[in-house]
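Contents: one structure, followed by commentary.
The values are calculated or read from the model by the stated rules, or taken from the named source; none is laboratory data. All of these numbers come straight from a predicted model, not from anything done at the bench. Cβ sites come from the backbone with ideal geometry, for glycine too, and all protein chains shown count toward neighbours.
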Amino acid sequence: MKKRLSILLAVCMLAGALAGCGASKEESAAGEATTTEENAGEEETEAPVFVTIASGVDIGDMNPHLANAAIFAQNYVYEGLVVYEDGGIQPGLAETWDISEDGLTYTFHLRENAMYSDGTALTAENVVKNFDAIFAANLYGYMGAAAYMDHYTAVDEHTFEIVLTEPYAPVLHDLAAVRPFRMLGDAGFMEDGSTDQGIKEIVGTGPWMLTDYVENEYATFEQNPYYWGEAPKIDGFTLKVFTDGQTAVSALEAGEIDMIYDMYESQLMSVDTYNSLVDAGYNSFISEPVLTRALTLNSQVEPLNDFNVRKALILALDRESIVQSVFGGLEEMAQSYYWPGTMDCNVGLKGYSYNVEEANKLLDEDGWVLEDGKEYRTKDGKELAVTFYYDASNVVQTSFAQICQSEVKKIGMNMKIMGEEYSANISRIYSGEFEIGYTVSWGDPYDPHSTLAAMATVGGSAEYFALASMENFDDFAAKVAAAPKAVDAEERQALYKEIMQAIEDEYSIIPISYQTNRAITQTNISGVTFGLSNIMPLNELTVE
């Protein structure tokens, strides 16, 4: 069912709509222009500049405090006290902040010129209201900023203070995350001040505001006239939803869209497609690694509860060749679960090798017999078989499943592959009802502290089911809890090295590649930049 959203702008905005998918036929026709045009009269004026971007997903309900929306869409509209950019914490709605010597009290000095898109001012009381709603929902206990929060208060109109129960080094990283610590204007809260059951209006302080939306069709964003920072270089954009990559590519070739921006949440281009568009002369852009693609082995189910079976499976995978086959040089093989450029993660792990001979030896010693004329090993009359569950609509996951199936057959292991609908697959993986599944790290600013906390929490992530059978799991969980509390950087790094070594020693999480985000644009588009994880910043985008 279509649902429409219309936001009454508080000031007079430039007329126009986004290319290919405005709110009406008249707006759509106007929106197709992405460069300046001459007026019919004697004078020349600049027309509003809009672009249309292909998206593989709908933006969702745009609640800043929940995970029901696409992260990149939430980031357009909502801002936090701080942001994670250029490899570190930068000012956001807080222009400056102070940290007490004991590491418990953080005092944030808010920007006095920060306003919401409805013209209301950001205040410390409004920040308190947001924190009240976030903590009332009780959904983010795995984040240290939530778990170690003692209290928070509005000191004055533009000063907000939090006090922790104990030091927690990455608290600013948690506050920089796209969700849940982003600010919603007062008009957005329900009557009782809550947000966990929905919001009344989409009101943020970010550079963009949502002005038109048809679920699973398109979302139109225009500049927030009250934005405190430097205005974006374009007037607006439309995210147009495509259900398959070929349709998106055809639209690009026909000039109906300006950009295809591929990320984890919105994958529309295969490597071959990307390379063919590059060869055709379109502008191309590629990011640094943003997160890690991995396979998770559920160590609590047979036969993967057998360490030797897990190790043999991993040794049988030529991951270098897999990554080259799937990504053709656009991504590099992951040596460990976290990219070394991630905070506290450059710890020099050895990583897994490719050794079919050793894999066969392990299975032989474990009693798995490959009889003459048989394809697969057996033990006590039972075939050595595992099942890989994956999202059938995802080209990368499908490729991984098919290649891995072929790889492990070399050691007499029968890998059955089961493609599923996206939501069914996610539900399966996060409930532990799988043997092998595809997962990713969360990227900055969540890695490593938040993702590790989820791994150490019952049902907190798919990786939990890979590690839960660890002999010393309680010690592992204790170190995960202790590491981010270590104020001394060397002590914290040493703890993270022990944690990551313990994960590697379990042979239950298989790093595959360090994911990059990619974009293809028309030749008149420049200024494409990349943000953390799945963020798709558009402030610097320009149209010639």
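Being touching a Phe, Trp or Tyr at 6+ places or on another chain (Cβ under 6 Å) and not polar (S, T, N, Q) is not true of G229. Taking the conditions (1) of a type in the set (S, T, Y); (2) free of Cβ contacts under 8 Å to residues at least 60 places away in the same chain; (3) under 22 Å from F72 (Cβ atoms) in turn, T205 satisfies each one other than (2). Of the residues that make up segment 126-147, is at least one of a type in the set (G, A, S), surrounded by 18 or more Cβ atoms within 10 Å (Cβ to Cβ) and either assigned to a loop (DSSP other than H, G, I, E, B) or free of Cβ contacts under 8 Å to residues at least 12 places away in the same chain (or both)? No, that holds for no residue.
E101 passes every criterion in (1) of a type in the set (D, E); (2) modelled with pLDDT of 95 or more; (3) under 27 Å from H449 (Cβ atoms) apart from (2). Looking across segment 293-305 at every residue that is part of a loop (DSSP other than H, G, I, E, B) and touching a helix residue (DSSP H, G or I) at 6+ places or on another chain (Cβ under 7 Å), the one that is surrounded by the most Cβ atoms within 10 Å (Cβ to Cβ) is identified as N298. Would you point out the residue of segment 318-341, among those that are among the hydrophobic types (A, V, I, L, M, F, W, C), part of a loop (DSSP other than H, G, I, E, B) and surrounded by 21 or more Cβ atoms within 10 Å (Cβ to Cβ), that is nearest to the chain's Cα centre (by Cα)? Of everything passing the filter in segment 318-341, W339 is nearest to the chain's Cα centre (by Cα). Every listed requirement among (1) part of a strand (DSSP E or B); (2) farther than 30 Å from I314 by Cβ; (3) among the aromatic types (F, W, Y) is met by F530 save one, (1). Kindly establish whether Y514 is of a type in the set (S, T, Y) and in contact with a helix residue (DSSP H, G or I) (Cβ under 7 Å, 6 or more places away or on another chain). No; evaluated as a whole, the condition is false for this residue. Inspect segment 469-491 for any residue being assigned to a strand (DSSP E or B), out of contact with any helix residue (DSSP H, G or I) (no Cβ under 8 Å at 6 or more places or on another chain), surrounded by fewer than 18 Cβ atoms within 10 Å (Cβ to Cβ) and touching a residue at least 60 places away in the same chain (Cβ under 8 Å) and give the result as yes or no. Scanning segment 469-491 turns up no residue that is assigned to a strand (DSSP E or B), out of contact with any helix residue (DSSP H, G or I) (no Cβ under 8 Å at 6 or more places or on another chain), surrounded by fewer than 18 Cβ atoms within 10 Å (Cβ to Cβ) and touching a residue at least 60 places away in the same chain (Cβ under 8 Å). Residue count for segment 239-292, restricted to those that are part of a helix (DSSP H, G or I), touching a Phe, Trp or Tyr at 6+ places or on another chain (Cβ under 8 Å) and surrounded by fewer than 15 Cβ atoms within 10 Å (Cβ to Cβ): 0.
Selection over segment 43-84 of residues that are touching a helix residue (DSSP H, G or I) at 6+ places or on another chain (Cβ under 8 Å), assigned to a strand (DSSP E or B), in the same structural domain as N539 (by TED's automatic domain parsing) and closer than 20 Å to P232 by Cβ gives a count of 3.
If you go through segment 433-452 one residue at a time, do you hit one that is farther than 30 Å from L172 by Cα and surrounded by fewer than 18 Cβ atoms within 10 Å (Cβ to Cβ)? Taking every residue of segment 433-452 in turn, at least one turns out to be farther than 30 Å from L172 by Cα and surrounded by fewer than 18 Cβ atoms within 10 Å (Cβ to Cβ). Checked against (1) of a type in the set (V, I, T); (2) within 26 Å of the chain's Cα centre (by Cα); (3) under 25 Å from Y430 (Cβ atoms), V301 passes all but condition (2). Note on segment 181-202: residues that are of a type in the set (S, T, N, Q) and either free of Cβ contacts under 8 Å to residues at least 24 places away in the same chain or not in a loop (DSSP other than H, G, I, E, B) (or both) total 1. Among residues of segment 50-64 that are touching a residue at least 12 places away in the same chain (Cβ under 8 Å) and within 19 Å of G204 (Cα to Cα), those with a Cβ under 7 angstrom from a residue that is of a type in the set (D, E, K, R) and buried (at least 24 other Cβ atoms within 10 Å of the Cβ), sequence gap 6+ or separate chain, pair up as P64/R182. Only a single item in (1) in contact with a Pro (Cβ under 8 Å, 6 or more places away or on another chain); (2) farther than 30 Å from M269 by Cβ; (3) modelled with pLDDT of 95 or more is not met by Y78, and it is number (2).
In this structure, D150 does satisfy being in a strand (DSSP E or B) and acidic (D, E). Among residues of segment 351-370 that are modelled with pLDDT of 95 or more, those with a beta-carbon under 7 Å from a residue that is of a type in the set (G, A, S) and part of a helix (DSSP H, G or I) at least six positions away or on a different chain give the pairs A359/A312; L362/A312; L363/A312. You will find that of G419, G443, G459, the residue that is modelled with pLDDT of 95 or more and of a type outside the set (S, T, Y) is G419 and no other. Those helices (runs of 4 or more DSSP H) of segment 349-447 in which at least 3 residues are within 34 Å of the chain's Cα centre (by Cα), considering only elements entirely within it, cover 395-409, 422-431.
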